[in-house]
Amino acid sequence: MKKTEGYIVKELEDEYIVLPVGKRTEEVNEVISLSETAGFIYIHADQAEDIEGLAQMVGNEYGIEASEVYEDVKNAVKTFREKEILL
């Protein structure tokens, strides 16, 4: 998985925001707010080859089985792709 260029992530207490930067600010007028877990998924998305690998990373981070978070990770990735912040 690969993040779309032209965005930065900022951490604010227990949430993350994804902001367009550079030329992307001319195309996108939206700030995307993510929960702590969704932020973790987005930040680490480019370190995983697929959703299964990303679910494993999330499971390791939060001390649970990857199978328990697989559907949530899959849905987060789908949303990120719909928002065009993840390819």
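Taken together, the values in this text are just the output of simple stated rules run on the coordinates, not laboratory data. Model, not experiment: these values are computed from the prediction. Glycine also receives a Cβ, built like all others from the backbone with ideal geometry; neighbour counts cover every protein chain displayed.
General observations
This table checks each residue for (1) among the hydroxyl-bearing types (Ser, Thr, Tyr); (2) in contact with a helix residue (DSSP H, G or I) (Cβ under 6 Å, 6 or more places away or on another chain); (3) closer than 14 Å to residue 3 by Cβ.
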residue	(1), (2), (3)
19	no, no, yes
29	no, no, no
36	no, no, no
39	no, no, yes
46	no, no, yes
62	yes, no, no
81	no, no, yes
86	no, yes, yes
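- Residues that are aromatic (Phe, Trp, Tyr) and surrounded by fewer than 19 Cβ atoms within 10 Å (Cβ to Cβ), drawn from the range 41-79: 62, 70
- Being of a type outside the set (Phe, Trp, Tyr) and without any contact (Cβ under 8 Å) to a residue 40 or more places away in the chain is not true of residue 49.
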